[in-house]
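Below: the structure, in structure tokens.
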Amino acid sequence: MENNEVNTEQIILEAAEAEFLEKGYGNAKTVAIAQRAGVSHSMLHYYFRTKEQLFQKIFKDKVQGFAQVFSVVFEQNTDFQETLKRIIETQFKFVAQNPQLPLFIIREILSNKENREWAIKTLFPHLFPFLSAIEKMLTTEITKGTIRPIAIHNLLMNILSINISTFIALPVLKENLHFENDEMLENFLNERCESNVQFILNALRP
């Protein structure tokens with residue numbers, strides 16, 4: 001694929017992502033996506049035949065990016081506590097870079113059985129190696145008595161819940177905490193990330 005074709009495809013993907021996040025999958029229109037991207041409707045269909053194909057491409061790219069970030073965590077070969085700390089931080093930072101994604105997933109994926117089944121099929125192959133690795137480490141620590149017994153799915157739900165809730169509440173927090181600049185917001189998010197890490201680690205103490 002030529003460079004100009006790669007650039008056009010990327011522009012369309014960015015426009016589609018903005019349209020989906022803003023309006024939801026059901027209300028997003030390929031005509032509007034083409035207008036955002038500055039291309040003709042026929043050009044959009046040249047690269048992506050359907051709206052569903054566009055959506056799946058964007059979602060798959062997000063999943064792959066998420067999985068690649070986690071692969072770095074496990075490549076560092078740290079102990080359980082440090083690995084868990086980095087997992088929490090990594091997931092938090094990923095959502096910070098994609099703050100509209102949680103609500104979009106809740107609204108579009110969890111409410112639509114077909115999309116939900118497709119999302120699970122897309123997610124699982126990418127995340128299975130990391131889930132297996134963290135479960136093995138978790139079992140070892142429970143056996144040693146260094147942490148209290150907890151099922152892997154409950155631990156992961158705790159991490160997802162506490163991290164994502166920050167960004168679901170962020171629009172309200174911005175209005176009430178009156179962040180004067182980006183630095184204040186960044187400091188708040190860094191403090192919140194550290195607080196989430198400590199909350200999860202403390203909850204695992206025997």
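When Thr146 is evaluated against the numbered criteria (1) at pLDDT 90 or above; (2) assigned to a helix (DSSP H, G or I), which criterion, by number, is the only one it fails?
(2)
Please state which one of Lys57, Lys29, Lys23 is charged (D, E, K, R) and assigned by TED's automatic domain parsing to the domain that holds Ile109.
Lys57
If I ask for residues that are β-branched (Val, Ile, Thr) and closer than 18 Å to Tyr25 by Cα, which ones from region 103-147 would you list?
Correct list: Ile105, Ile106, Ile109, Ile120, Thr122.
Would you tally the residues in region 31-67 being in a helix (DSSP H, G or I) and under 22 Å from Arg116 (Cα atoms)?
17
Between Gln91, Gln56, which is modelled with pLDDT of 80 or more and under 17 Å from Ile11 (Cα atoms)?
Gln56
Being surrounded by fewer than 13 Cβ atoms within 10 Å (Cβ to Cβ), under 25 Å from the mean Cα position of the chain (by Cα), closer than 24 Å to Phe94 by Cβ and not assigned by TED's automatic domain parsing to the domain that holds Pro102 narrows it down to one of Gln68, Gln10, Gln64, so name that one.
Residue meeting the stated conditions: Gln10.
Can you pull out the residues in region 157-185 that are under 14 Å from Phe92 (Cβ atoms), free of Cβ contacts under 8 Å to residues at least 60 places away in the same chain and under 14 Å from the mean Cα position of the chain (by Cα)?
Within region 157-185, Ser161, Ile162, Ser165 meet the criteria.
The values are calculated or read from the model by the stated rules, or taken from the named source; none is laboratory data. The shown structure was predicted, so the numbers you read here are calculated from the model rather than taken from an experiment. Because the Cβ atoms are built from the backbone with ideal geometry, glycine has one as well, and the counts that use them run over all protein chains shown.
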